[in-house]
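Every read-out reported here was derived from the displayed coordinates using simple, explicitly stated rules and does not represent laboratory data. These numbers were taken from a predicted model, which means no experiment stands behind them. Cβ atoms come from the backbone with ideal geometry, glycine included; neighbour counts cover every protein chain shown.
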Amino acid sequence: MIAEELTRFGIDSTRNTCTHPWAYAKEMLQRVSRTFALNIRVLPGVRLGRPILLAYLFCRMADTVEDSPHLPAQEKVRLLELFARIFSHTQFSWHDAAAAFVTALPSSWLQSEDDEEFLCAHCAWVIDLYFALPKKVQMPIEQCVREMCDGMGRFALRQESQAGQWLTIEDEADLDQYCYFVAGVVGNMLCDLFYAQSPFINNARHQRMRQLAVSFGLGLQLVNIIKDAMEDSVRNVCFIPMEWLREEGFMHPAELFSAQADEGARQRVMHKIISKAWRHLQDALDYTVLIPALEPRLRLFCQWPMLMAAETLTGAGNGTVLFKPDQKLKISRADVKRIIRQSSMWCWTNSWIKRRFAALSSTKTAQQ
């Protein structure tokens, strides 16, 4: 059982207590996201590492509810509303709201062998840490969680209404809205946390960064959509706008993923979403160079996912590789290590990061 595995953190399953909550939070981060765990280690711990660690766990809890295949949509909406309500309370009044959320969860989650379900059912152990943070740090996290829960609830209802059919996105505005609720709100939160906790980011710089923060989040999410397109299609899900498919003669998303699909038409569809992702990653670059050089850890925290996304997108080429079921588009561990090594040496200089991004995006131009 997970509780037994975590006894070293002072977990007592009979009393539902945890005497080392920060150690527990770090362990759960490793269990639910190894990639983000790598990124978060570079942040200054108490100042930003801890708040962002908690924020990630809260977002993962909301995502766990929304993704559960066993919960009906109305129940997901209710649980997401209960979860979001926790964050509107004070340090002294949140316990009842958290208890209401946990009570409403499936009872099996309390002793679940699934790390994410277990995290949700024992959310109080990490929420207690959140309410010990300064108010200026709590506010961006609360805004993110509440917006995310609202958007995910809407998406859950929509998904259920399309049960038995493909889950689709209608047009680019629809795509942007979906990406905003799962990634754009996180971009805003991170930007506001940087401003709240960095003495080197003034109001003027924060405002310039805020104009790019959502686009940064959208860029990363679009790369995920692109690389997972074939995998999503197996679940009858397509996040590529139907408007773009119809323009190229695909009347149903299954036609895009068919082995008999017209290759030229398919490439033109993918060109639209790949080009859109590159535009957002350009904003991510512009955002990153706005972070003061005196905050190298914040720069690295942003540079790593941005460069990894750009290299992944370069690997996508014209999109043909994305439709080969025996291939999974991902950068290698060696590439990850190279990105970390090079950026750790040069993160303070804008010229290096711009040259590196230009080299990657020039590959895009050559492939068109």
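Key figures
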{"read-out": "Overall form of the range 192-368 per C-alpha gyration tensor (a/c, 1.5; a/b vs b/c)", "value": "prolate"}
{"read-out": "C-alpha center-to-center spacing [the range 272-335, the range 1-52] in angstrom", "value": "28"}
{"read-out": "When the convex hull of its Cα atoms is projected in every direction, mean area for the range 1-131 (nm²)", "value": "7.9"}
{"read-out": "Computed over the chain: relative contact order in percent, which uses C-alpha pairs under 8 Å that are six or more apart", "value": "14"}
{"read-out": "Computed helical MRE - 222 nm, the chain, DSSP H runs ≥ 4 contributing -39500 (n - 2.57), nearest 500", "value": "-21500 deg cm²/dmol"}
{"read-out": "Charge dipole magnitude, Cβ of K and R +1, D and E -1 - the chain, Cα centre, debye nearest 20", "value": "1880"}
{"read-out": "Cα-based Rg of the chain normalised by 2.2 N^0.38 Å, two decimals", "value": "1.01"}
{"read-out": "Unit charges at the beta carbon, dipole of the chain: most positive-side option, THR7, CYS302, GLN74", "value": "CYS302"}
{"read-out": "Length-normalised contact order for the range 192-368 - Cα pairs under 8 Å, 6+ apart - percent", "value": "26"}
